[in-house]
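Asks: Sharing a structure here in structure tokens format.
Every number here is computed from the coordinates shown, using simple stated rules; none is lab data. This one's a predicted model, so the numbers in the text were calculated from it and none came from an experiment. FYI the Cβ positions are ideal-geometry reconstructions off the backbone, even for glycines, and counts take in every protein chain you see.
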Amino acid sequence: MGELQLMKGNEALAEAAIRAGCKGYFGYPITPQSEILEYLSEHGPPRGMTVLQAESEVASINMVYGAAGAGARAMTSSSSPGISLMQEGLSYIACAELPCLIVNVNRGGPGLGTIQPSQGDYFQSTKGGGHGDYRLIVLAPSSVQEMASFVFEGFDLADRYRNPVLILADGALGQMMEKVTFPAYDPEEHRILKPWATDGARDGKERRIITSLHIQPEKMEELNLRLEAKYNLIREQEVRFELVEAADADILIVAYGLSARIAHRAVDLARERGINAGLLRPISLFPFPTEAIRALAERVRGVLVVEMNAGQMVEDVRLAVEGAVPVRWFGRMGGIVPSPDEVLQVIEQMDGAPQETVAEEVYQ
Amino acid sequence: MTHEILIAGFGGQGILSLGMTLTYAGMIEGKEVSWMPSYGPEMRGGTANCIVIISDNKVSSPILTRFDMVVAMNQPSLEKFESSVKPGGYLLYDSTKIVTPPARADVTTLPVPAGDEAIALGNPRVANMVVLGAILDILEVVPVASVLKALKQVLPERYHAMLPLNEEALRRGTKFSRTPCEAGDSPM
């Protein structure tokens, strides 16, 4: 590990992109992630990266499509409304099976919304925000260190599975400063052969075609089945999550990103009050840690999902819990961040509530 | 030991850089740290604040609603965040910018005439360093030497000629915190 630095999440992510051997960044400024473009504009080109401010998000994602097709490590970043504009391109990239990195520093919505932190893009990120049957690998950092680390991991996963990887952060993680160290990472050692890349057909090389158009239904279904097989492999191989005080927990909180940090504090406060609370933090949102949640649900009295949205991940948690115990949800929206005290109050209610009362609230 | 501090004031008063300097010093001391700025549509003359956490343990939530210390560098910030000090905590404010002093009896209020001191030093912009000096003396969160090292990192190089003035302001600040109004006393 290298030298310890104090950096903003956005800057740490940008620095990591250069160190990960990203050769092309294409983006358009939007708060709260403009520091990524700003940092890369200054530091990228001298270190071998093409950094281009495109005319729009639609152009950005299609430039990523092109650069990734040529076999280069390529990325873009934006925030919620900008990511919405990219969905068509993302669907094409997923269909063409091109590795690349997309970063969404989530802000409050819908619409142009607010620039404050939000997790309102969970559905869009994990359920296929664009058209057609496809999945992104979605990593959710909860610290500045992970804003950096997940860039390396993201590019490696993208290359391994020939699939776009999305880092889903939020405004607070982009803006806050924490300690960060960059791992020793030599992009050359992580370079894999890309025999599909359209990097020139000179010297009698066989013609290669990258396309997302498969007009014959039989060919299209063949591709759909191959994609599904790949997504199933990803579900088997790439689930990531963190447990905090979960072993003896009576009440299990499930939260990701910034919400997980807040929930962690709430767990500490609850434990000080003699309530055995614990936390499961999904790190990969796709693939979702369904099995881990299901296993814990058999041991706890209740599950609480904390999100900065109107209740999105809670649907996946309920699918995992399968009614084994009551699942409650708590969240704030519009760029408001829930406080540890608010979460604690809900934990205390759950702790004091007779089973029937909690169960009723599930169906409200 | 964990210190959870909110620093608030007008945009342009050096609120964010004050917090950043403190955070950097914490890192130099080998502590776990986080610095969370308010980043709304802020501008010069608007309000700005940041949350600084310096701890021996991993920092859980970087965003909090109750603090060991609130530092208010203007009247609107004092009014907004007076209620956010934990009982028994500290409410430190720039007394030269406060018309209505805080009323809480269950916290220690610390008036520091940072604005006046900075003007006496010849530059009103170092009021934030006077305040930082006062914070360091009260909380003993990091040594002054580490803060001076941090200042070199946080202050852009083109301003390094200002380092001695900042250091002087910091040292002046440490004098004022030793005469706090005890809980319930009127600070005026």
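Asks: Are there GluC sites (Glu not before Pro) in the range A:1-33 that DSSP puts in a loop and that have at most 16 other Cβ atoms within 10 Å, and which ones?
Replies: On the way: sites: A:3, A:11, A:15; in loops: A:3.
Counting only loop positions with at most 16 other Cβ atoms within 10 Å, the GluC sites (Glu not before Pro) in the range A:1-33 are A:3.
Asks: Mind jotting down the distance between the C-alpha centroids of the range A:77-114 and the range A:8-48, whole Å?
Replies: Going from one Cα centre to the other spans 17 Å.
Asks: Answer with one residue from B:51, B:78, B:15: the one whose Cα lies farthest towards the positive end of the charge dipole of chain B, charges on Cβ with Lys, Arg +1 and Asp, Glu -1.
Replies: With unit charges placed on the Cβ atoms, the residue in question is B:15.
Asks: Please list, in order along the range B:104-120, the HN-Hα scalar couplings obtained from phi with the Karplus expression 6.51 cos²θ - 1.76 cosθ + 1.60 (θ = phi - 60°), rounded to whole Hz, x for Gly and Pro.
Replies: Calculated HN-Hα couplings, in order: 5, 9, 9, 9, 8, 9, 10, x, 10, x, 5, x, 4, 4, 5, 5, 4 Hz.
Asks: List the GluC sites (Glu not before Pro) within the range A:204-264 that DSSP assigns to loop and that have no more than 15 neighbouring Cβ atoms inside 10 Å.
Replies: Listed in order of number, the matching sites are A:206.
Asks: Once both labels are modelled 7 Å past Cα along the beta-carbon direction, what's the residue A:184-residue A:247 spacing in nm?
Replies: In this crude label model, residue A:184 to residue A:247 measures out at 3.3 nm.
Asks: Rounded to the nearest Å, what's the spacing between the alpha carbon centres of the range A:185-206 and the range B:74-147? Just the number, please.
Replies: For the range A:185-206 versus the range B:74-147, the Cα centre distance is 59 Å.
Asks: Taking the Cα centre of chain B as origin, work out the dipole magnitude from +1 charges on Lys and Arg Cβ and -1 charges on Asp and Glu Cβ, in debye rounded to 20. Could the numbers behind the result be given before it?
Replies: Numbers: 16 positive and 19 negative charges, 75 e Å.
It works out to roughly 360 debye.
Asks: Same structure, new question: Roughly how big is the range A:241-362's charge dipole about its Cα centre, with Cβ charges of +1 (Lys, Arg) and -1 (Asp, Glu), in debye to the nearest 20?
Replies: Using only the charged Cβ atoms, the result is roughly 260 debye.
Asks: With 33 Å as the cut-off, how large is the P(r) tail for the protein assembly as shown, expressed as percent of Cα-Cα pairs?
Replies: 46
Asks: Could I ask something else about it? I need the peptides A:265-271, A:277-283 ranked by packing, meaning the mean over residues of other C-beta atoms within 10 angstrom, with the highest value on top.
Replies: The packing order, highest mean first, is A:277-283, A:265-271.
Asks: To continue, here is another question. Stretch residue A:219-residue A:162 to full length: gain in nm at 0.36 nm per residue minus the Cα-Cα span?
Replies: Full-extension gain reported as 18.6 nm.
Asks: For residue B:116 paired with residue A:205, estimate the spin-label separation in nm (one decimal), with each label point 7 Å from Cα along the Cα-to-Cβ line.
Replies: Each label point lies 7 Å from its Cα, and together they span 7.5 nm.
Asks: For the range A:5-237, build the charge dipole from Cβ charges (+1 Lys, Arg; -1 Asp, Glu) around the Cα centre, then report which of A:71, A:27, A:187 sits farthest towards its positive end.
Replies: The listed residue farthest towards the positive side: A:71.
Asks: What size of dipole, in debye to the nearest 20, comes out for the protein assembly as shown about its Cα centre when the only charges are +1 on Lys and Arg C-beta atoms and -1 on Asp and Glu C-beta atoms? If you can, show how the numbers build up before the last one.
Replies: Numbers: 49 positive and 68 negative charges, 215 e Å.
Here the size comes out at about 1040 debye.
Asks: In addition: How would you classify the range B:2-176 from its alpha-carbon gyration tensor, with a ≥ b ≥ c the square roots of the eigenvalues: rounded for a/c under 1.5, else prolate if a/b is greater than b/c, otherwise oblate?
Replies: rounded
Asks: Once you've got the GNM for chain A with C-alpha springs shorter than 10 Å, pick whichever of A:291, A:153, A:97 has the biggest mean-square fluctuation.
Replies: So, out of A:291, A:153, A:97, the one fluctuating most is A:291.
Asks: Taking the Cβ of each residue in A:76, A:211, A:198 as the centre, tally the other Cβ atoms inside 10 Å and list the residues starting with the fewest.
Replies: Values: A:76 32, A:211 9, A:198 14.
By the 10 Å Cβ count, ascending, the order reads A:211, A:198, A:76.
Asks: Between A:344, A:243, A:193, find the one with the highest GNM mean-square fluctuation for chain A; connect C-alpha pairs within less than 10 Å.
Replies: A:193
Asks: Averaged across the residues of B:53-63, what count of C-beta atoms belonging to other chains lies within 10 Å of each residue's C-beta?
Replies: Per residue, the number of nearby Cβ atoms from other chains is 6 on average.
Asks: Also: Give the calculated FRET efficiency between residue A:127 and residue A:298 to the nearest 0.05, with a Förster radius of 35 Å applied to their Cβ-Cβ distance.
Replies: Approximately 0.85, to the nearest 0.05.
Asks: Can you list, largest first and rounded to whole Å, the semi-axes you get for the range A:44-91 by taking the square root of 5 times each eigenvalue of its Cα gyration tensor?
Replies: Sorted largest first and rounded, they come to 19, 13, 8 Å.
Asks: If you take every DSSP beta bridge whose two residues both sit in chain A, what share of them, in percent to the nearest 5, is antiparallel?
Replies: Roughly 25 percent of the DSSP beta bridges within chain A come out antiparallel.
Asks: Moving to a separate point now. Just counting partner chain Cβ atoms within 10 Å, what average do the residues of peptide A:177-185 show around their Cβ?
Replies: 4
Asks: Sorted from fewest to most neighbouring beta carbons within 10 Å, what does the list B:121, A:213, A:52 look like?
Replies: By the 10 Å Cβ count, ascending: A:213, B:121, A:52.
Asks: By counting other Cβ atoms within 10 Å of each Cβ, how are A:208, A:73 ranked from fewest to most?
Replies: In increasing order of surrounding Cβ atoms, one gets A:208, A:73.
Asks: Below 8 Å between Cα atoms, with a sequence gap of 6+, how large is the relative contact order for chain B in percent? Could the numbers behind the result be given before it?
Replies: On the way: 394 pairs, mean separation 41.7, N = 188.
Relative contact order for chain B comes out at 22 percent.
Asks: 5 Å is the cut-off here: which amide hydrogens, built 1.01 Å from N in the peptide plane, fall below it relative to residue A:100, excluding neighbours closer than 5 in sequence?
Replies: Correct list: A:163, A:165.
Asks: Given the peptides A:299-306, B:131-138, B:165-172, arrange them by the average over their residues of other C-beta atoms within 10 Å, most packed first.
Replies: Answer by packing, highest mean first, reads B:131-138, A:299-306, B:165-172.
Asks: On to the next question. Taking +1 at the Cβ of each Lys and Arg and -1 at the Cβ of each Asp and Glu, which of A:257, A:274, A:244 sits farthest along the dipole of the range A:241-280 towards its positive end, judged by Cα position relative to the Cα centre?
Replies: Positive-most Cα among the choices belongs to A:257.
Asks: What is the range A:1-140 by shape, rounded, prolate or oblate, if you read a ≥ b ≥ c off the alpha carbon gyration tensor as root eigenvalues and call it rounded for a/c under 1.5, prolate for a/b larger than b/c, and oblate otherwise? Walk me through the numbers before you get to the answer.
Replies: Working: a/c = 1.63, a/b = 1.18, b/c = 1.38.
Cα axes put the range A:1-140 in the oblate bin.
Asks: Mind checking which of A:172, A:201, A:20 has the largest fluctuation in a GNM of chain A, springs on alpha carbons under 10 Å?
Replies: Comparing A:172, A:201, A:20 in the GNM, the peak value goes to A:201.
Asks: Search the structure for amide H atoms under 5 Å from the amide H of residue A:283, placed 1.01 Å from N in the peptide plane, and list their residues when 5 or more places away or on another chain.
Replies: For residue A:283, the qualifying residues are A:240, A:241, A:242.
Asks: Let me ask something else. Looking at the range B:21-76, which chymotrypsin sites (Phe, Trp or Tyr not before Pro) are DSSP coil and have at most 10 other C-beta atoms within 10 Å of their C-beta?
Replies: Hits after loop and neighbour filter: nothing returned.
Asks: Summarise the partner chain shielding of B:29-37 as one whole number: the mean count of Cβ atoms from other chains within 10 Å of each residue's Cβ.
Replies: Mean partner-chain Cβ count within 10 Å for B:29-37: 4.
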